[in-house]
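What follows is a short report on a single structure.
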Amino acid sequence: MPESSSAIESTLVENRVFEPNAATVAAARIGGMDAYHALCAEAEQDFEGFWARLARAGLVWHKPFTEVLDESNKPFYKWFQDGELNASANCLDRHMGTPTEHKTAIIFEADDGAVTKVTYKELLAKVSQLANALKAMGVQKGDRVVIYMPMTVEGVVAMQACARIGATHSVVFGGFSAKALQERIQDAGAVAVITANYQMRGGKELPLKAIVDEGLALGGCDSIKNVVVFQRTASACNMVAGRDVLMHEVMAAQSSECAPVMVGAEHPLFILYTSGSTGKPKGVQHSTAGYLLWAKQTMDWTFDLKDNDVFWCTADIGWVTGHSYVAYGPLAAGATQIVFEGVPTFPHAGRFWQTIEKHRCTIFYTAPTAIRSLIKAAETDAKVHPKNWDLTSLRILGSVGEPINPEAWMWYYRNIGGERCPVVDTFWQTETGGHMITPLPGATPLVPGSCTLALPGIITAVVDEMGNDVPNGQGGILVVKKPWPSMIRTIWGDPQRFKKSYFPEELKGYYLAGDGAVRSIDRGYFRITGRIDDVLNVSGHRMGTMEIESALVGKTDLVAEAAVVGRPDELTGEAIVAFVVLKRPVPTGDEAKALATELRNWVAKEIGPIAKPKEIRFGENLPKTRSGKIMRRLLRSLAKGEAVTQDTSTLENPHILEQLSKSN
Ligand code: 6R9
């Protein structure tokens, strides 16, 4: 059981409630709380019947399923097991011959503001060509393909092309280092990498292919037969003869028709690596049918998607949000969506608002971190304040990735949503595949800072460490009591770790989310209080403290020992603070600064820039108990600059607290 009680706090007093307006309720798919409760009741009375109904209505089956849920090998649940389908056919082919065929699927807004539009029919042709090209290279059903791409139409095409031929993709975020990429390629045993020569971010051309080359050169990647390179920019990149091919060349040689390969419902659609409590990232494995069902269903429910909506999820395809709400959900639902290549602050911090105006965006989904940094920008520079743009096209706002503080919520609601648009604060995880706890725009009264209630069919609860329900108002551990179709199936190559991490014995077979939560006394609304394990959430990105620690101690010429903790940060939610013991005397002044810089760059190289500690403190030792355990709670207090009030009597070396309490 993870260390939990420290993160479980009391209820926050938040009295503001925003009821949905009558027009939204009238137009919504789930209009009003009665409709919501009716769906919950349906799921409660006939759990399997409920999911079967949704799966039949929501997906196009090649072979219909006859069995809904197989619980014979808990917690390795199987859903719709004997059914067959193809995910790409469910996102593209299903729209052919319908009015959606000629609808814009993607409005691509490039870093420099250039716009390209692709219809569903055009997207299907591109996906088919790349799928054929992958097949011609020998990529087969069940093979793994690593995708290391920028936010582009081609990034989505790459994912869809893999799905079309039954290859399991594993997207690695373009900000991860060569080493991190190599580790994921190795763990997945991938046969090919799809990448780009460069990526454009904030007006800068950054290498991607060079990082792939560097990663492959680190060794152990013999499984890789080909590297497909999308030419994002005109600059040339190194090409290895016999291994590397240019995407546009191999696509041009192929037909724009490719019959989708039908797969079983449980066939792994993708593996996505995420941080856990140990040093090694976990390859979260998702299914085809259950995953896709929920990606589409939540587009319809959480975003109440309508035919004329212009949907924009700002997440990168390297994260789960970019999988479910860029690459799969919007396409399965037949939406027009914006795919944005750039960064929110380029060429100025009004870029998001300008882009909403430019494309008449109606549903906007982003992270609290982005909102907080844009609030700050708007407050310091009136020219980038959202009031400079016409945001009246918006009808629904969404938030994801971390708890949204009520102040940021209110600013978002007022300044972006014009007090007209519901804010759906969606709680979910890489492992859950899609939304779990979220308001519904035409039903749920909103309370700032609360993700409110679980979606129909999702049985969440707050329990104590033995799995017993705790009363509303009392903090506890967030669990899901019943399986659901889009849940993680296993950790790639490590089923034991899957069982241990998510279904610990003492929790009665419930799924352990890894977050603390508390339900409000009056409404039973959930509020997430943060991770209860050694996972940090920095700008909405999950980072394992152990992962950063092992990167630091990997610098063997310099570092003897390291401990990493999180500290609350106004802008990024949490900030990374590292306590480091060097293999030399404790440095001070300029030497300490130089060494801290060296170590931060080292971590960027080992994992990626997002894992760089914000602060590094050096000491001659770490606070440990007499049995040698690092006292992390104490380090958390020190990182926050708090006086240490904990009992330090068991501490082996109390004098080092003084040393570690200050920045070097
Ligand atoms: C989708 C995604 C999952 C962790 C999760 C929790 C935090 C995500 C949240 C939220 C409060 C929300 N989290 N959404 N906390 N309110 N609306 O972010 O997946 O990268 O796997 O992170 O993020 O701590 O456990 P992932």
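For the structure I just gave you, tell me whether Val518 is more than 10 Å from the ligand (Cβ to nearest atom) and touching a residue at least 40 places away in the same chain (Cβ under 8 Å). Steps first, answer last, please.
On the way: more than 10 Å from the ligand (Cβ to nearest atom): yes; touching a residue at least 40 places away in the same chain (Cβ under 8 Å): yes.
Spelling it out, Val518 is indeed more than 10 Å from the ligand (Cβ to nearest atom) and touching a residue at least 40 places away in the same chain (Cβ under 8 Å).
Can you tell me which condition Arg351 does not meet? The list is (1) open to solvent by less than 10 Å² (accessible area, probe 1.4 Å); (2) in contact with a helix residue (DSSP H, G or I) (Cβ under 7 Å, 6 or more places away or on another chain); (3) over 19 Å from Ile317 (Cα atoms), and all the others hold.
Among (1) open to solvent by less than 10 Å² (accessible area, probe 1.4 Å); (2) in contact with a helix residue (DSSP H, G or I) (Cβ under 7 Å, 6 or more places away or on another chain); (3) over 19 Å from Ile317 (Cα atoms), Arg351 violates only (2).
Taking Gln129, is it open to solvent by 10 Å² or more (accessible area, probe 1.4 Å), closer than 25 Å to Tyr325 by Cα and in a helix (DSSP H, G or I)?
On the way: open to solvent by 10 Å² or more (accessible area, probe 1.4 Å): yes; closer than 25 Å to Tyr325 by Cα: yes; in a helix (DSSP H, G or I): yes.
Yes; evaluated as a whole, the condition is true for this residue.
Please work out which one of (1) out of contact with any helix residue (DSSP H, G or I) (no Cβ under 8 Å at 6 or more places or on another chain); (2) at pLDDT 95 or above; (3) not β-branched (Val, Ile, Thr) is the condition Met631 fails and give its number.
Looking at each condition in turn, Met631 falls short on (2).
Quick check on my filter: what residues within region 321-344 are within 23 Å of Ile488 (Cα to Cα) and either free of Cβ contacts under 8 Å to residues at least 40 places away in the same chain or open to solvent by less than 10 Å² (accessible area, probe 1.4 Å) (or both)?
So in region 321-344, the residues within 23 Å of Ile488 (Cα to Cα) come out as 321-333.
Matches in region 321-344: Gly322, His323, Ser324, Tyr325, Val326, Ala327, Tyr328, Gly329, Pro330, Leu331, Ala332, Ala333.
Among the residues of region 151-167, what is the count of those that are in contact with an Asp or Glu (Cβ under 8 Å, 6 or more places away or on another chain) and surrounded by 24 or more Cβ atoms within 10 Å (Cβ to Cβ)? Lay out the reasoning, then the answer.
First, the residues of region 151-167 that are in contact with an Asp or Glu (Cβ under 8 Å, 6 or more places away or on another chain): 151-152, 167.
Add one more test, that the residue is surrounded by 24 or more Cβ atoms within 10 Å (Cβ to Cβ), and what stays is 151, 167.
Number of matching residues: 2.
So, in region 305-320, of the ones that are within 22 Å of Glu402 (Cα to Cα) and more than 16 Å from the ligand (Cβ to nearest atom), which residue ends up surrounded by the most Cβ atoms within 10 Å (Cβ to Cβ)? Full working, then the answer.
Going through region 305-320, the residues within 22 Å of Glu402 (Cα to Cα) turn out to be 311-320.
Filter again for more than 16 Å from the ligand (Cβ to nearest atom), leaving 311-312.
Values: Phe311: 25, Trp312: 28.
Restricting to residues being within 22 Å of Glu402 (Cα to Cα) and more than 16 Å from the ligand (Cβ to nearest atom), the top hit is Trp312.
Scan region 516-526 residue by residue and report those that are under 27 Å from Arg636 (Cβ atoms) and either aliphatic (A, V, I, L, M) or under 19 Å from the mean Cα position of the chain (by Cα) (or both). Lay out the reasoning, then the answer.
If we filter region 516-526 for residues that are under 27 Å from Arg636 (Cβ atoms), which is where we start, we get 516-520, 526.
Within region 516-526, Gly516, Ala517, Val518 qualify.
Can you give me the number of residues within region 525-554 that are outside any strand (DSSP E or B), touching a residue at least 12 places away in the same chain (Cβ under 8 Å) and touching a strand residue (DSSP E or B) at 6+ places or on another chain (Cβ under 9 Å)?
First pass over region 525-554, keeping only residues outside any strand (DSSP E or B): 525, 532-534, 539-540, 545-554.
Of the ones still in play, those that are also touching a residue at least 12 places away in the same chain (Cβ under 8 Å) are 525, 532-534, 539-540, 545-552, 554.
From the residues that got through so far, the ones that are touching a strand residue (DSSP E or B) at 6+ places or on another chain (Cβ under 9 Å) too are 525, 532-534, 539-540, 545-552.
The total comes to 14.
Sort out which residues of region 360-416 are within 21 Å of the chain's Cα centre (by Cα) and hydrophobic (A, V, I, L, M, F, W, C), and write them in order of number.
Ile363, Phe364, Ala367, Ala370, Ile371, Leu374, Ile396, Leu397, Val400, Ile404, Ala408, Trp409
Here is a list: Thr430, Thr438. Which entry is within 10 Å of the ligand (Cβ to nearest atom) and open to solvent by less than 10 Å² (accessible area, probe 1.4 Å)? Break it down into steps so the answer makes sense when it comes.
Numbers: Thr430 fails: open to solvent by less than 10 Å² (accessible area, probe 1.4 Å).
Selected residue: Thr438, the only one of Thr430, Thr438 that is within 10 Å of the ligand (Cβ to nearest atom) and open to solvent by less than 10 Å² (accessible area, probe 1.4 Å).
Taking the stated definitions as given, is Ala161 in a helix (DSSP H, G or I) and under 21 Å from Leu130 (Cβ atoms)? Explain how you work it out, then say what you get.
Values: in a helix (DSSP H, G or I): yes; under 21 Å from Leu130 (Cβ atoms): yes.
Criteria met by Ala161.
Tell me which residues, restricted to region 177-190, are in a loop (DSSP other than H, G, I, E, B) and crowded, with 24+ Cβ neighbours inside 10 Å.
Step one: list which residues in region 177-190 are in a loop (DSSP other than H, G, I, E, B), which gives 177, 189-190.
Answer for region 177-190, where residues must be in a loop (DSSP other than H, G, I, E, B) and crowded, with 24+ Cβ neighbours inside 10 Å: just Ala190.
Collect the residues in region 488-515 that are away from the ligand (no atom under 13 Å from the Cβ) and part of a loop (DSSP other than H, G, I, E, B), keeping them in residue-number order.
Arg489, Trp492, Gly493, Asp494, Phe503, Pro504, Lys508, Gly509, Tyr510
Quick one: how many residues across region 68-110 are in a helix (DSSP H, G or I) and open to solvent by 10 Å² or more (accessible area, probe 1.4 Å)? Steps first, answer last, please.
Kept after step one, since they are in a helix (DSSP H, G or I), are these residues of region 68-110: 87-91, 93-95, 99-102.
Still in the running and open to solvent by 10 Å² or more (accessible area, probe 1.4 Å): 89, 93-95, 99-102.
The qualifying residues number 8.
Sort out which residues of region 55-74 are of a type in the set (D, E, K, R) and under 22 Å from Leu305 (Cβ atoms), and write them in order of number.
Our first condition is that a residue be of a type in the set (D, E, K, R); within region 55-74, this holds for 56, 63, 67, 70-71, 74.
If the condition is that a residue be of a type in the set (D, E, K, R) and under 22 Å from Leu305 (Cβ atoms), then Arg56 is the only one that fits.
Condition first: under 22 Å from the mean Cα position of the chain (by Cα), of a type in the set (S, T, N, Q) and farther than 24 Å from Gly175 by Cβ. Can you find one or more residues in region 322-338 that meet it?
Yes, that holds for at least one residue.
When region 388-416 is examined, which residues are found to be more than 23 Å from Lys306 (Cα to Cα) and either within 13 Å of the ligand (Cβ to nearest atom) or in contact with a strand residue (DSSP E or B) (Cβ under 7 Å, 6 or more places away or on another chain) (or both)?
Narrowing region 388-416 to residues more than 23 Å from Lys306 (Cα to Cα): 388-389, 401-411, 414-415.
The answer is Gly401, Glu402, Pro403, Ile404, Asn405, Pro406, Ala408, Trp409.
Inspect region 290-304 for any residue being farther than 25 Å from Pro20 by Cβ and out of contact with any Leu (no Cβ under 6 Å at 6 or more places or on another chain) and give the result as yes or no. Can you show your working first?
Step one: of region 290-304, the residues farther than 25 Å from Pro20 by Cβ are 290-293.
Filter once more, keeping what is out of contact with any Leu (no Cβ under 6 Å at 6 or more places or on another chain): 290, 292.
Yes, because at least one residue in region 290-304 is farther than 25 Å from Pro20 by Cβ and out of contact with any Leu (no Cβ under 6 Å at 6 or more places or on another chain).
Is it the case that Arg531 is within 16 Å of the ligand (Cβ to nearest atom), outside the structural domain of Gly279 (by the TED database), at pLDDT 95 or above and out of contact with any Pro (no Cβ under 6 Å at 6 or more places or on another chain)?
No, not satisfied.
What are the residues in region 405-429 that are of a type in the set (S, T, N, Q) and outside any strand (DSSP E or B), if any? Please lay out each step first, then the result.
Narrowing region 405-429 to residues of a type in the set (S, T, N, Q): 405, 415, 426, 429.
Asn405, Asn415, Gln429, listed by residue number.
Inside region 494-515, can you point out the residues that are touching a residue at least 60 places away in the same chain (Cβ under 8 Å) and either among the aromatic types (Phe, Trp, Tyr) or at positive phi (or both)?
Phe498, Tyr502, Phe503, Gly509, Tyr511, Gly514 - these are the residues of region 494-515 that are touching a residue at least 60 places away in the same chain (Cβ under 8 Å) and either among the aromatic types (Phe, Trp, Tyr) or at positive phi (or both).
Tell me, please, whether a residue that is touching an Asp or Glu at 6+ places or on another chain (Cβ under 7 Å), assigned to a helix (DSSP H, G or I) and in contact (Cβ under 8 Å) with a residue 40 or more places away in the chain can be found in region 44-67.
yes
The values are calculated or read from the model by the stated rules, or taken from the named source; none is laboratory data. Just so we're clear, the structure is a prediction, and the values are computed from it rather than from any experiment. Note that each Cβ is placed from the backbone with ideal geometry, even for glycine, and that neighbours are counted across all protein chains shown. To get the accessible areas, we keep the full protein, side chains included, count just its heavy atoms, and leave off ligands, DNA and RNA. Shrake-Rupley method; radii C 1.70, N 1.55, O 1.52, S 1.80 Å.
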